[in-house]
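Below is one structure, written out as structure tokens; the observations come after it.
The values are calculated or read from the model by the stated rules, or taken from the named source; none is laboratory data. Everything numeric in this text was worked out from a predicted model, so none of it was measured. FYI the Cβ positions are ideal-geometry reconstructions off the backbone, even for glycines, and counts take in every protein chain you see.
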Amino acid sequence: MLKNKIRIVASGAIPPLVELLKFQNGNLKELAAAAILTLSAAAANKPTIAASGVGPLLVQILSSGTVQGRVDSVTSLHNLSTSKEDPKLVLDARAVYPLMNLLKDCKKYSKFAEKTTALLEILSNSEEGRDAITNADGGILTLVETVEDGSLVSTEHAVGALLSLCQSSRDKYRELILKEGAIPGLLRLTAEGTPLAQERARTLLDLLRDSPPENRFSSSTLERIVYDFAAQVDGTDKAADTAKRLLQDMVHRSMELSMSRLQLRASSCTPSKVQSS
């Protein structure tokens, strides 16, 4: 099967599929997108497909396609984003708005959210992408919500995107991220995320502190981080009590989220919509 996919691309199948994606006929476009999805699963095909100009055409489907068309397009873009080719061949800042709208509407722990946040993290590495994320309606808030409610994979990508923003310009993005209530989710992530997500969350929390860090911390405890933020909010006199309350709330929320996720996954059936893709 894999060899067949490679032979199909080698025989020149991609240019006709790209032309079909330009048609006004929605059915033809989505059939072409489905074919691209199948062929993009083979690593050997990714450079050829990525260089074909297919990226912007798949992005168009994200805005106007059917549910299945959007799922296929996101998955294709995700497949192609792992190509050795320049990511800009596949993605540019125009993809941020439809991707952000899709992330808003889907379950943050779904496989669909994992692919969507992975693409947004890639886009956050360019100035144009960061500007688009900031200008998107609820863009930073949606990433913060994904940090709070996402799967291990989607939280890792969401915090990566937020970190990319803050590292690019702390002065520009610090207040925007704080305003959306990012601290509780980041604090929880330092204890519950993947090793990479934990590292990213700690680094971002350090950047979000009131004064710039002189050294990147690696040994700071969760309690110390909470105390520092509590002191900023309520002052040093009340910081200890506030920090204790925040930690208790985090543990309680963590238990509620874990139970909720277990119940949702246990009761879930074969997805038929983007929200549970």
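Of all residues in the range 42-85, which are farther than 17 Å from LEU28 by Cα and either of a type in the set (A, V, I, L, M, F, W, C) or touching a strand residue (DSSP E or B) at 6+ places or on another chain (Cβ under 8 Å) (or both)? Of everything in the range 42-85, those that are farther than 17 Å from LEU28 by Cα and either of a type in the set (A, V, I, L, M, F, W, C) or touching a strand residue (DSSP E or B) at 6+ places or on another chain (Cβ under 8 Å) (or both) turn out to be ALA42, ALA43, ALA44, ILE49, ALA50, ALA51, VAL74, LEU77, LEU80.
The helices (runs of 4 or more DSSP H) located wholly in the range 37-136 that include 1 or more residues which are buried (at least 24 other Cβ atoms within 10 Å of the Cβ) and not assigned by TED's automatic domain parsing to the domain that holds ILE177 occupy 46-50, 54-64, 67-81.
A quick yes/no check of all residues on (1) without any contact (Cβ under 8 Å) to a residue 60 or more places away in the chain; (2) over 23 Å from ASN135 (Cβ atoms); (3) not assigned by TED's automatic domain parsing to the domain that holds GLU121:
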site: GLY150; (1), (2), (3): yes, no, no
site: SER154; (1), (2), (3): yes, no, no
site: ALA158; (1), (2), (3): yes, no, no
site: GLN167; (1), (2), (3): yes, no, no
site: GLU175; (1), (2), (3): yes, no, no
site: GLU180; (1), (2), (3): yes, no, no
site: ARG188; (1), (2), (3): no, yes, no
site: THR194; (1), (2), (3): yes, yes, no
